[in-house]
Amino acid sequence: MGFKNAPMSTVKPVENKESLFSAEVRAEIDKAIAQYPEEWKQSAAMPALTIVQDDNCGYLTEELMDKVAAYLDMPPIAVYEVATFYSMYELKPVGKHKVCVCTNVSCMINGSDRIVDHMENKLGIKLGETTEDGKYTLKEVECLGACGGAPMFQIGNKYYENLTPELVDSILDGLE
């Protein structure tokens, strides 16, 4: 994805922000913006990106990021920086179930490599790939903050801890 090299000071005012997103998406973003002082509405970039990503089958496009920038009156490059820095944002299509596997220190010490190997064999894909049927994407992520339950992974908004190959099979087989 080749991002435009817009200088940080370039903000293109948009006259009709209603045309950027559906009424539902605008309402959700406006709710996030309302949590910040008016002059700090750009602080809502992360929740806005999450809302837009969720509305777009789990990934962001450059066009959508540009729309978030316009909606928040901020330079597109600032939105790209957020979207490319944090691992929760996807810049290409992902599977119906994105499995975010923690491989950081606690999980690594407790066998995340064994869990990753098991899932790669079970699903026939490597980390960073999506199954041919579009059902699963395996993603390696940094610490998800559940070190006491290592090894663990996240699917959607749910954490699964103290993983074993058998538990992984049960979880994955139980997904629709």
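Each reported figure results from applying straightforward, stated rules to the coordinates on display, with no laboratory input. Nothing here was measured: the structure is a model prediction, and the numbers come from that model. All Cβ positions, glycine included, derive from the backbone under ideal geometry; neighbour counts span all protein chains shown.
Cysteine residues of the chain whose C-beta has no other cysteine C-beta under 4.7 angstrom: C57, C100, C143, C147. Projected onto their three principal axes, the Cα atoms of segment 17-85 cover extents of 28, 25, 18 Å, largest first.
Residue order for I115, I109, I171, fewest other beta carbons within 10 angstrom first, comes to I109, I171, I115. Working from the pairwise distances between different alpha carbons, so that the mean of 1/r is found and then inverted, what is segment 97-174's Kirkwood radius in Å? Evaluated on segment 97-174, it is 12.1 Å. Rounded to the nearest 5, the antiparallel percentage of DSSP beta bridges internal to the chain is 55%. The fewest-to-most ranking of T137, T84 by surrounding Cβ atoms within 10 Å reads T84, T137. DSSP finds beta bridges in segment 97-174, and of those with both partners inside it, around 55 percent are antiparallel.
Normalised by the number of residues in the chain, the average gap of Cα pairs under 8 Å and 6 or more apart makes the relative contact order 19 percent. The GNM of the chain, with springs linking C-alpha atoms under 10 angstrom apart, assigns the highest mean-square fluctuation among D133, D30, D73 to D133.
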